């Protein structure tokens with residue numbers, strides 16, 4: 001808790017029971033590490049190293065021209081060596097700290113050396129859209145051209161390129177889709193896989209395909225860029241020489257390390273774990289703003305909802321700052337923000353202001369934010385984890401890895417000696433796993449397998465994976481795709497349905513529902529619902545007005561469930577001319593709704609142009625809401641549950657019990673519906689639910705369910721061995 005003493009200075013109010021958190025450095029005396037009401041942190045000379053309270057955090061090269069700044073980057077010393085390696089080796093692994101200049105300078109060096117001539121381009125992949133857009137913008141500035149001219153980007157639902165584009169930043173998912181039309185990537189002379197250490201499933205797939213392509217195209221160069229020391233793993237994967245003892249040639253991958261530019265970072269821990277890391281993050285930001293020398297603050301939380309909650313609390317507290325204090329500029333940063341909002345995190349703070357960036361792990365390695373001197377690490381990360389027991393992915397908040405914690409701390413040492421405040425004990429840090437498992441080993445593989453099938457990979461088990469996925473997850477993926485009729489009993493892609501599903505930037509279940517909506521004459525409504533499902537937190541719950549916001553939320557609620565409620569919200573938004581004032585009045589997230597409209601337009605274009613499908617509305621027709629729910633059921637028939645006497649929903653598949661997510665509109669009903677479909681799972685709750693009639697399954701999924709009288713409402717799962725036999729047969733054929 002914080003209070004204002006009237007003099008503009010924040011103090012930390014003691015908590016009863018001794019549960020107030022303390023920060024300490026490793027092996028520090030506990031008494032010296034305490035944070036008390038009027039004391040500053042005892043840093044034992046850390047402030048002296050930073051120059052004391054008079055230090056102003058800034059980019060020391062800001063007054064220089066962009067070209068001068070380029071020359072000051074650590075990678076500039078390696079320019080000639082890098083170009084030599086690219087000339088003589090097909091694959092080069094570049095290891096260097098975030099901020100060393102790898103992402104912005106490598107494509108420019110290659111362009112200057114002639115690698116973008118003769119109509120070919122240099123491609124740079126990024127795991128996140130914000131990084132692709134911000135890096136493209138920066139490189140365009142350095143090359144003194146308009147974004148979209150010599151330098152452009154292509155991300156999901158957005159593109160800015162032209163025929164003159166030589167350097168193209170893309171998300172890894174976009175490059176995978178380009179492989180469908182250009183299997184050998186003939187459009188590119190160089191492919192740079194950036195942030196490879198993050199090991200996203202798309203990045204791992206791209207690396208696997210590039211290994212096949214370089215064996216065919218000796219004119220293609222592949223650069224793997226990583227911020228961690230997994231260099232040998234990448235190098236060995238691209239080793240194409242039959243005899244590794246022979247003299248290195250172009251078929252041999254090589255490694256180059258780029259020195260970073262890091263200042264020391266002092267790390268502090270709490271004495272014990274904190275009960276509410278969002279609230280503690282807010283308190284720590286305010287204490288740092290009150291007590292520490294100038295310098296921006298970067299705080300890591302797990303997701304959009306936590307980021308927005310912390311930002312609202314901080315903005316409310318910032319209004320009570322005294323006039324003698326610098327202003328606190330609170331800026332959110334997460335993947336769901338529009339690009340223009342994301343760029344605010346990179347803007348310099350105004351005079352006599354401190355910027356507090358509240359972010360997800362998007363700022364861990366993908367982007368470099370100048371001016372950050374203080375980092376707050378909650379110690380957790382939100383990730384999707386496939387559960388073989390459940391047969392589905394669940395969104396879970398789990399402790400981060402040591403590698404992630406070190407990357408977060410490193411954000412504080414870019415411009416001067418920094419400080420990192422970890423909201424957990426040092427003993428907890430020692431127990432963290434060393435690295436996050438590759439995404440391909442913990443995710444639902446149905447999208448991966450479908451994409452690989454569309455790219456012509458039939459033997460998915462024999463594919464060269466950087467890290468091999470589990471066979472159980474592969475079996476589940478084959479089962480689901482077979483049930484969705486995307487592949488046949490031989491495991492071959494069904495055309496056109498399977499190909500259309502693969503081309504959509506959605507999960508197979510979302511894609512199937514979208515395509516099936518044409519048959520149910522409600523494609524206009526389903527495309528809206530699925531676009532709304534791509535964003536989160538449409539409803540805003542501001543501090544101090546939660547009751548009013550809850551009443552507003554109830555006014556949009558549709559009895560049949562969350563999906564129709566999302567449709568109702570979007571329709572009302574359009575009917576009120578997309579008014580920001582109307583959104584504010586009704587506690588709706590205007591920016592999120594605008595993003596949903598952009599996504600919807602992209603889906604409509606795909607359905608009309610690529611799939612040649614009609615956009616039809618069922619509004620005003622008999623049984624219109626039933627049509628919408630039946631279309632959703634066409635994709636999500638494997639995710640249905642019935643209400644049990646225990647007060648929980650039990651899934652038909654696997655008979656697992658779940659609570660209803662607290663944000664569901666079904667909470668407003670006097671009685672829960674007997675049967676529901678759900679489209680998401682978070683921890684022990686199912687979210688995004690709609691009421692269904694189990695009789696619909698006889699028409700929609702007769703191949704998946706058989707019907708009798710010995711289970712609730714006469715519906716039970718078809719014999720699991722039928723699908724298991726299919727999957728086992730396919731696996732046997734592939735081996």
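List of remarks:
- The one condition in (1) buried (at least 23 other Cβ atoms within 10 Å of the Cβ); (2) closer than 21 Å to residue 310 by Cβ; (3) modelled with pLDDT of 95 or more that residue 361 fails to fulfil: (3)
- Residues that are part of a loop (DSSP other than H, G, I, E, B) and surrounded by fewer than 17 Cβ atoms within 10 Å (Cβ to Cβ) were ranked within segment 539-557; the one that is nearest to the chain's Cα centre (by Cα) is 542.
- Flag if residue 365 is in contact (Cβ under 8 Å) with a residue 12 or more places away in the chain and touching a helix residue (DSSP H, G or I) at 6+ places or on another chain (Cβ under 7 Å): yes
- Taken over segment 272-308, the criterion of being in a loop (DSSP other than H, G, I, E, B) and either surrounded by 17 or more Cβ atoms within 10 Å (Cβ to Cβ) or touching a helix residue (DSSP H, G or I) at 6+ places or on another chain (Cβ under 7 Å) (or both) is satisfied by 273, 274, 292, 293, 294, 295, 301, 302, 303.
Residue-by-condition table, conditions (1) under 21 Å from residue 704 (Cα atoms); (2) outside any helix (DSSP H, G or I):
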{"site": "599", "(1), (2)": "no, no"}
{"site": "602", "(1), (2)": "no, no"}
{"site": "617", "(1), (2)": "no, yes"}
{"site": "622", "(1), (2)": "no, yes"}
{"site": "631", "(1), (2)": "yes, no"}
{"site": "642", "(1), (2)": "yes, yes"}
{"site": "647", "(1), (2)": "no, yes"}
{"site": "650", "(1), (2)": "yes, yes"}
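- Out of 484, 500, one residue alone is within 30 Å of residue 619 (Cα to Cα), touching a helix residue (DSSP H, G or I) at 6+ places or on another chain (Cβ under 7 Å), surrounded by 22 or more Cβ atoms within 10 Å (Cβ to Cβ) and modelled with pLDDT under 95. It is 500.
Results for (1) surrounded by fewer than 23 Cβ atoms within 10 Å (Cβ to Cβ); (2) in a loop (DSSP other than H, G, I, E, B); (3) not assigned by TED's automatic domain parsing to the domain that holds residue 281, shown as yes or no for each residue.
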| site | (1), (2), (3) |
| --- | --- |
| 443 | yes, yes, yes |
| 457 | yes, yes, yes |
| 467 | yes, yes, yes |
| 472 | yes, no, yes |
| 480 | no, no, yes |
| 490 | yes, yes, yes |
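- Residue count for segment 320-346 under the criterion of being more than 22 Å from the chain's Cα centre (by Cα) and closer than 24 Å to residue 592 by Cβ: the result is 1.
- Residue satisfying all of: in segment 209-227; part of a loop (DSSP other than H, G, I, E, B) and surrounded by 13 or more Cβ atoms within 10 Å (Cβ to Cβ); modelled with the lowest pLDDT among these: 227
- Among the criteria (1) over 28 Å from the mean Cα position of the chain (by Cα); (2) modelled with pLDDT under 90; (3) outside any helix (DSSP H, G or I), the one residue 536 does not fulfil is (1).
- Inclusion of residue 230 among residues that are under 27 Å from residue 361 (Cα atoms) and at pLDDT below 90 is warranted.
- Among the residues of segment 614-627, not a single one is within 29 Å of the chain's Cα centre (by Cα), closer than 18 Å to residue 530 by Cα and either in contact (Cβ under 8 Å) with a residue 24 or more places away in the chain or surrounded by 22 or more Cβ atoms within 10 Å (Cβ to Cβ) (or both).
- Complete set of residues in segment 228-239 that are surrounded by 14 or more Cβ atoms within 10 Å (Cβ to Cβ), touching a residue at least 60 places away in the same chain (Cβ under 8 Å) and in a loop (DSSP other than H, G, I, E, B): 228, 238
- In the set (1) at pLDDT 90 or above; (2) in a helix (DSSP H, G or I), the condition left unmet by residue 268 is number (2).
- Strands (runs of 3 or more DSSP E) (entirely within segment 676-735) containing at least 2 residues that are over 30 Å from residue 305 (Cβ atoms) and at pLDDT below 90: 705-707, 715-717
- The residue that is surrounded by the fewest Cβ atoms within 10 Å (Cβ to Cβ), among those in segment 641-663 that are modelled with pLDDT of 95 or more and within 20 Å of residue 565 (Cα to Cα), is 659.
The values are calculated or read from the model by the stated rules, or taken from the named source; none is laboratory data. Note that this is a predicted model, so its numbers are computed, not measured. Glycine also receives a Cβ, built like all others from the backbone with ideal geometry; neighbour counts cover every protein chain displayed.
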